[in-house]
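Student: Sharing a structure, written as structure tokens. Questions coming.
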Amino acid sequence: MDDPEEVEFAPPLPDNALAATVTFLAARGGLAPGYRTVPRSQATHAQLVITGLSGKPVSRRVELGEAEAWLAEVRALHARHATLDAADRTRTENIRQANEEVAAQISPTCPHCDVPREYVGRHHLMTAGAPEHLAASGEFFGRIRASAIVVEQYACPRCGSLELFRPLLPHPLPATQRPG
């Protein structure tokens, strides 16, 4: 496939195009005028079909040099996109590893019973807003600003006291996992 007759492309593409196809052409010759599809090495022209944001494909015949310049621009966009994706994956993996290291050092222990707390699960706590809104006289329900807070909950198996964590780290924490 080193000498294709047609090449299809997916985003990212120049001018935010949704799709594109390059078909390589050469003069038909003989009595029938026009162009025929040929391998890239034999082409004198190219047909460039670009589907823009409107969803309509726009077709135009271009010189081979213009088609090659467009192909080089697409290759550069794809290479830049691949570099950014790799950097993003590396950054995400580094954050995940750092969070796992922090989580491994946390051991929620009940301060009353001195026993390890057990993971209860993720919960959504509903709040009614700031206390000054609740204490104000007048239209009670018009002043409430309800919201939900997501927490990871750990409970003492002996006294039932709770410890809450925002879900920034992977839960359940490794120290609360039971072997087996």
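The values are calculated or read from the model by the stated rules, or taken from the named source; none is laboratory data. Bear in mind the structure is a predicted one, so any value in this text is a computation, not a measurement. Cβ atoms come from the backbone with ideal geometry, glycine included; neighbour counts cover every protein chain shown.
Student: Looking for whichever is modelled with pLDDT of 90 or more and under 33 Å from the mean Cα position of the chain (by Cα) here; the options are 98, 104, 155. Which one fits?
Tutor: Result of the check over 98, 104, 155: 98.
Student: What pairs come out if I take residues in region 138-159 that are in the same structural domain as residue 120 (by TED's automatic domain parsing) and pair them with residues that are hydroxyl-bearing (Ser, Thr, Tyr) and modelled with pLDDT under 95 whose C-beta lies under 6 Å away, six or more apart or interchain?
Tutor: 147/127; 154/119
Student: Hey, another quick one. Across region 1-41, what is the number of residues that are touching a His at 6+ places or on another chain (Cβ under 6 Å) and farther than 21 Å from residue 77 by Cβ?
Tutor: Residues flagged as touching a His at 6+ places or on another chain (Cβ under 6 Å) and farther than 21 Å from residue 77 by Cβ within region 1-41 amount to 1.
Student: If you go through region 65-94 one residue at a time, how many are over 30 Å from residue 42 (Cβ atoms) and either surrounded by 14 or more Cβ atoms within 10 Å (Cβ to Cβ) or of a type in the set (Ser, Thr, Tyr) (or both)?
Tutor: 3
Student: Here is a further query. Among what's in region 102-129 and is surrounded by 13 or more Cβ atoms within 10 Å (Cβ to Cβ) and in contact with a Ser or Thr (Cβ under 7 Å, 6 or more places away or on another chain), pick the residue that is nearest to residue 145 (Cα to Cα).
Tutor: 119
Student: Considering 162, 134, which residue is of a type outside the set (Ser, Thr, Tyr), at pLDDT below 85 and more than 30 Å from residue 92 (Cα to Cα)?
Tutor: Within the list 162, 134, the selection yields 134.
Student: Taking the options 62, 38, 58, name whichever one is farther than 30 Å from residue 171 by Cα, of a type in the set (A, V, I, L, M), surrounded by fewer than 15 Cβ atoms within 10 Å (Cβ to Cβ) and not assigned by TED's automatic domain parsing to the domain that holds residue 160.
Tutor: Criteria check complete, one pass: 58.
Student: Which count do you get for residues in region 14-33 that are in contact (Cβ under 8 Å) with a residue 40 or more places away in the chain and part of a helix (DSSP H, G or I)?
Tutor: 1
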